[in-house]
1. Kindly check whether there is at least one residue in the range 16-35 that is polar (S, T, N, Q), more than 21 Å from Ala154 (Cα to Cα) and not in a strand (DSSP E or B).
2. Find all pairs meeting these conditions: Cβ atoms under 6 angstrom apart; at least six residues apart or on different chains; first residue within the range 238-261 and within 14 Å of Thr10 (Cβ to Cβ); second residue part of a helix (DSSP H, G or I) and at pLDDT 90 or above.
3. Return the residue satisfying two criteria in turn: it lies in the range 91-116 and is of a type in the set (Gly, Ala, Ser) and part of a strand (DSSP E or B), and of such residues it is surrounded by the most Cβ atoms within 10 Å (Cβ to Cβ).
4. Just need a number here: residues in the range 68-80 that are surrounded by 11 or more Cβ atoms within 10 Å (Cβ to Cβ) and closer than 14 Å to Ala48 by Cβ.
5. Kindly list the number of the only condition in (1) open to solvent by 30 Å² or more (accessible area, probe 1.4 Å); (2) closer than 19 Å to Arg138 by Cβ that fails for Gly63.
6. With Phe39, Phe88, Phe119 as the choices, which residue is at pLDDT 80 or above and surrounded by 16 or more Cβ atoms within 10 Å (Cβ to Cβ)?
7. Criterion first (open to solvent by less than 50 Å² (accessible area, probe 1.4 Å), more than 30 Å from Pro196 (Cβ to Cβ), part of a helix (DSSP H, G or I) and of a type in the set (D, E, K, R)) does Arg258 satisfy it?
8. Checking the condition more than 30 Å from Arg256 (Cβ to Cβ), modelled with pLDDT of 80 or more, touching a strand residue (DSSP E or B) at 6+ places or on another chain (Cβ under 7 Å) and open to solvent by less than 10 Å² (accessible area, probe 1.4 Å), which residue from Ala48, Ala19 passes?
Amino acid sequence: MTDPLTQIVTLLRPGAPYAKIVSASGAWRVRRDEEGIVFYNLTLRGQALLEADGRPPILLEEGDFALIPAARRFTISSPDPVLPAGHFTNPVPMAPGQVRIGDPDLPVTTQQLVGHCTFGARDAALLLTLLPDLVVIRGEARLAMLIRLVADEARAARPGRDVVLERLLEVLLIEAFRATDGIAAPPGLLRGLGDPHLSVALRALHADPARPWTVAELARAAGLSRSAFFARFEREIGRAPMAYLTGWRMSLAKDRLRRGDGSLAEIGAALGYGSASAFNTAFAREVGQPPGQYAMSTARPEPEAAPV
């Protein structure tokens, strides 16, 4: 059956423009507050303190992997010694892919592999709401291997670099998310997939988004009463079942419209709408503009012809 997590990560179309080794010593603290960028951090040596969006600090130790898909602000700092509150450190580039922070006269006590990836999907913000906004995984050798491959490929200039990076990042993100305990995750897709009842309904919905699903049908698939299913879905996923289905249909529609994959009637029919008019109305209501206008504004440019 269709795997919802794989579908979403594939639609995100991740790329990795930057990766570096950060060596730190003494007291230090760096802050990031960019939006639309996913940060990853693999602690290679020593310790670091991660604080994201006001959550309690998380101590990262050697072998720990942190992925921050949607946190708006976070800091990473030395746990001991501690830099005074409100003080931050400016990273100093030392060589390609190498950065130094803290007191350069002291020996290196912490080393991390740090990078960020971006998403090609125009509706990445919507897709990211279905995933955890912070993931910390400890001692996963597979993730450490993947992140090193990503960093190596990001710094190289090999043929096919972008394609290889996109595939590596897809695998990395899937590995990171599935290594997360779904029940402990915040409301969203991952938490739903960790629920033995909801996961059946979610996989059925993703496998056939064009089907005229009802809450009663999804509840039967989940083995729950209609009221119990509805309440459980809202609590674990963070939205009502039909709202989730509509949002997923719109994400699929946006992807096909960007790629010019079919007429409005064909795309609408593939997503469960009986006519181009019905699809047009539903899309405009959810997205804020008609599908034709969206397609024109997001169409990928045609590659230039090679000179003769």
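The values are calculated or read from the model by the stated rules, or taken from the named source; none is laboratory data. For clarity, every value in this text was computed on a predicted model and none was experimentally measured. Because the Cβ atoms are built from the backbone with ideal geometry, glycine has one as well, and the counts that use them run over all protein chains shown. These accessible areas exclude ligands, DNA and RNA; they are computed on the full protein's heavy atoms, side chains included. Shrake-Rupley method; radii C 1.70, N 1.55, O 1.52, S 1.80 Å.
1. Of the range 16-35, the ones polar (S, T, N, Q) are 23, 25.
So of that shortlist, the ones also more than 21 Å from Ala154 (Cα to Cα) come out as 25.
Right, trim to not in a strand (DSSP E or B) and you get none.
Checked the range 16-35: no residue is polar (S, T, N, Q), more than 21 Å from Ala154 (Cα to Cα) and not in a strand (DSSP E or B).
2. The qualifying pairs are Arg256/Ile267.
3. So, considering only residues that are of a type in the set (Gly, Ala, Ser) and part of a strand (DSSP E or B), the one surrounded by the most Cβ atoms within 10 Å (Cβ to Cβ) is Gly102.
4. Let us first name the residues in the range 68-80 that are surrounded by 11 or more Cβ atoms within 10 Å (Cβ to Cβ), namely 68-79.
From the residues that got through so far, the ones that are closer than 14 Å to Ala48 by Cβ too are 68, 74-79.
Residues meeting the conditions: 7.
5. (1)
6. Testing whether each residue is at pLDDT 80 or above and surrounded by 16 or more Cβ atoms within 10 Å (Cβ to Cβ) leaves just Phe39.
7. Yes.
8. Values: Ala19 fails: modelled with pLDDT of 80 or more.
Only one candidate passes the filter, namely Ala48.
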